[in-house]
Amino acid sequence: MKPRILIVEDEESIIKGLCDVFVFNGYDVDTALDGKTGLKKALSGDYHLLILDIMLPDVDGLTICNEVRNKDRSQPIIMLTAKGDEEDIITGLKYGADDYIPKPFSVRELLARVEAVLRRSPKIIHETETICFNNLVIDPQNLILKMHGNKIELTRREVTILNYLIKFNQRPVTRQELLKEVWGYTADGIDTRTVDIHMAKLRKKIEDDPQNPKIIVTIRGEGYKMAPKD
């Protein structure tokens, strides 16, 4: 799964430039041009990293940082500050930002800061560690699922699907969400059966009766969900 970054910045030229740089370097990027939209997206918890400009319309970056940190202490956040204003930097770090970049900044420095923050991020680290859910034990490194004493070989995509469903097992996950988060499709309304096909293959591997699944259940009209333990 590509690391997913949310950039909240009101200057469209900067947004475009950053998107091009991050996509070229293997990141999945989402954006917001105002603080109100940025706050809503940032609070969703769907990003490996937030890059927040301090000066924003409606809601400033410091407020977004504070609101996010009150909800999730582990969410990686980098602040963009104008002219390296010391007061803004101190306030941002006080609110829980992991790092800051003063404008103007070099692309090389920004990428280095992003990589450094993500290396310490639990959102990245956990995706390479053993994943446990009920009686399932998944080894992402070796692409193995252990279940009832049996070892089942998985593809990288199947591991990523299971990881995502387990991570958000408190709610159904839609096909469109899986297309965005697992396959990296960024356009809405994509007409493809790839999710259904992969899910059918995965169920054949892990379900006793793939036609009547008990592990990955379908919530009609909403999506897929990992079933709770009986």
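Key figures
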read-out	value
Subset tally (residues that are surrounded by 13 or more Cβ atoms within 10 Å (Cβ to Cβ) and either aromatic (Phe, Trp, Tyr) or part of a helix (DSSP H, G or I) (or both)) for the stretch 202-217	4
Contacts under 7 angstrom Cβ, first residue in the stretch 83-98 being farther than 19 Å from ASN70 by Cβ, partner modelled with pLDDT under 75, 6 or more apart	none
Test: residue in the stretch 33-54 that is assigned to a loop (DSSP other than H, G, I, E, B), at pLDDT 90 or above and out of contact with any helix residue (DSSP H, G or I) (no Cβ under 8 Å at 6 or more places or on another chain)	yes
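The values are calculated or read from the model by the stated rules, or taken from the named source; none is laboratory data. Here the structure is a predicted model, which is why all the values come from computation and not from measurement. Positions of Cβ are backbone-derived with ideal geometry, glycine not excepted, and every protein chain shown enters the neighbour counts.
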